[in-house]
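Since the structure comes first, as structure tokens, the remarks are kept for the end.
The values are calculated or read from the model by the stated rules, or taken from the named source; none is laboratory data. Since this is a predicted model, take the numbers as computed values, not measurements. Cβ placement follows ideal geometry from the backbone for every residue including glycine, while neighbour counts extend to all protein chains displayed. The protein model used for the area step is the full one, side chains on, heavy atoms only, and it has no ligands, DNA or RNA in it. Shrake-Rupley method; radii C 1.70, N 1.55, O 1.52, S 1.80 Å.
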Amino acid sequence: MSTHTTQPYIGEIPRAGERRIWTGLTELAAARALANLAQTRHSEGDGLVLAVAHSSASARRLRHQVELFGGGRFPLLSLPDWETLPYDPFSPHEDIVSERLRTLHALPGTTSGLLVVPVQTLLQRLPPRDFVGGQSLSLAVGARFDPHAQRLLLEAAGYRVADVVNTRGEYALRGSLMDIFPAGLDYPVRIDLFDDEIESLRYFDPETQRTVEAFETLELLPAKEYPFDSASVSRFRDRWHNTFDVDVRRCSVYQDVSHGIPPAGVEYYLPFFFPEMATLFDYLPDDTIVVQDEKAETAIASFLTDVQGRYENLRHDIERPILPPERLYLSENEWFTQRKSRPSIRWQWPADDAGHGCTFKSAEPPDV
């Protein structure tokens, strides 16, 4: 049975294991339907909605459109792609890392709202759930603060020292002041010390050095998606030796990590830093509704084919050996298994580009 309307609506909400289709939806109409679905679930306390877009550009547009329709009535999160090619010897931009860490920190406590991801993020293996919280640092006015001990903790969390703080992931220590630009924040933080206590905490503008806002407490997120303490570096070295049969003296990634230098592109060795990896689904409630656009399945297959192709082209580099795709990404079968266990919706583009009217199928289609 189908229902026709000129105003997008959510139709019947699927239950666990059920799959439904929204048909004839333009991207903008889908964004409105997603906002309605997220608002309904949020108001009823029913759970999270995961929106899967076929590309990073589509995910960005979808998030902005949902924000327009949602009007702040429910939590809206995004987990962007690194925007690097698989196995690239480049690290993602710190702004991207900051947004990802902010979302990963928020997800374990998020029980409703909407999360928007591209297929690249959907398939990516992630740090375990307890990593971000475990690497976070708590600050409070009046609390004891040892600058030198904090330096060690900041460096273990991926922060780097600088003369003047300008970008996320940097810190500077000057006398009784410590400046930190935390991941997940728009402004750096200035810590004023009186002896061994925090006298004040302030956000400041890095260009003018003027105070933006004073506050009492703050939780600092790690600067990277991997730990960089001695135990993690030791784990990295052990796993490198157990995985690759190469001369480590010729491997710049191994040498940099061994000397406490985070090398560019080390994110593609993420499994070496953790006892176990997680997936996005480990961060989500079991009743999360998965909504994907009709191009997502094709994009998933295409992306995994591209990953395999790049692996075959680069795997024989003895100076920069790489991990096989299954260590870094979910397979299609793993993705299908995760989707089948959850309620899901697929939205289809209109047959013509005009987008006149929308059809919502409440009957569950066969799974293919």
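Helix 147-156 versus the longest principal axis of the chain: what is the Cα-based angle in degrees, 0 to 90, to the nearest 10? For 147-156 against the chain, the angle is about 40 degrees.
Annotation: amide H of Ser200 within the under-5 Å range of Asp192, sequence separation 5 or more or interchain, hydrogens built in the peptide plane.
Computed over the Cα atoms of region 1-146, what is the ratio Rg over Rh, Rh following Kirkwood? Could you put the intermediate results ahead of the total?
On the way: Rg = 17.9 Å, Rh = 17.2 Å.
Checking Rg against Rh, the ratio lands at 1.04.
Carbon-plus-sulfur fraction of the accessible area of region 124-262, 1.4 Å probe, in percent? Walk me through the intermediate numbers first.
On the way: 3200 of 7090 Å².
With neighbouring chains kept in place, the figure for region 124-262 is 45 percent.
How many percent of DSSP beta bridges within the chain run antiparallel, rounded to 5?
Working: 33 of 56 bridges.
Beta bridges within the chain, antiparallel portion: roughly 60 percent.
Largest first, how would Thr40, Thr298 line up by accessible area (1.4 Å probe)?
Values: Thr40 40, Thr298 100 Å².
Largest accessible area first, the list is Thr298, Thr40.
Between His241 and Phe336, the contour length at 0.36 nm per residue exceeds the Cα-Cα span by 30.8 nm. Can you pull the Rg over Rh of region 163-218, Cα-only, Kirkwood? Rg/Rh for region 163-218 comes to 0.93. The accessible area of Ser230, taken with all protein chains in place and a 1.4 Å probe, comes to roughly 100 Å². Among Lys340, Lys224, Lys295, the order of accessible area from largest down is Lys340, Lys295, Lys224, computed with a 1.4 Å probe on protein heavy atoms. Measuring how big region 198-308 is from its alpha-carbon positions, Rg and Dmax come out at 20.6, 55 Å. Using the Stokes-Einstein relation with a Kirkwood hydrodynamic radius computed over Cα pairs, the translational diffusion coefficient of the chain at 20 °C and a viscosity of 1.002 mPa s comes to 96 µm²/s. Residues whose amide H comes within less than 5 Å of that of Ile345, counting only those at least five positions distant or on another chain, are Arg20, Val290, Val291, Gln292 (H built at 1.01 Å from N in the peptide plane).
Need the full-extension length gain, Gln209 to Met277, defined as separation in residues times 0.36 nm minus the C-alpha distance. One decimal, nm. Provide the component values of the computation, followed by the final result.
Numbers: separation 68, 0.36 × 68 = 24.48 nm, distance 3.99 nm.
Gain on stretching Gln209 to Met277: 20.5 nm.
Residue order by solvent-accessible surface for Val253, Val161 is Val161, Val253, largest first, with ligands and nucleic acids left out and a 1.4 Å probe.
Using a Förster distance of 41 Å, how high is the FRET efficiency between Ser43 and Ser234, based on the Cβ-Cβ distance and rounded to 0.05?
The pair Ser43/Ser234 has a calculated efficiency of 0.25.
Of the whole protein surface, Asp163 contributes about 140 Å² of accessible area at a 1.4 Å probe radius.
Please give the charge dipole size of the chain, origin at the Cα centre, charges +1 on K and R Cβ atoms and -1 on D and E Cβ atoms. Round to the nearest 20 debye.
Details: 37 positive and 54 negative charges, 131 e Å.
Once rounded to the nearest 20, the dipole reads 640 debye.
Rolling a 1.4 Å probe across the protein heavy atoms gives the chain an accessible surface of 46 Å² per residue. So how tilted is helix 56-70 from the main axis of the chain? Cα-based, degrees 0 to 90, rounded to 10. Result, in degrees: 70. Trp349 exposes around 70 Å² of accessible area when a 1.4 Å probe is run over every protein chain in place.
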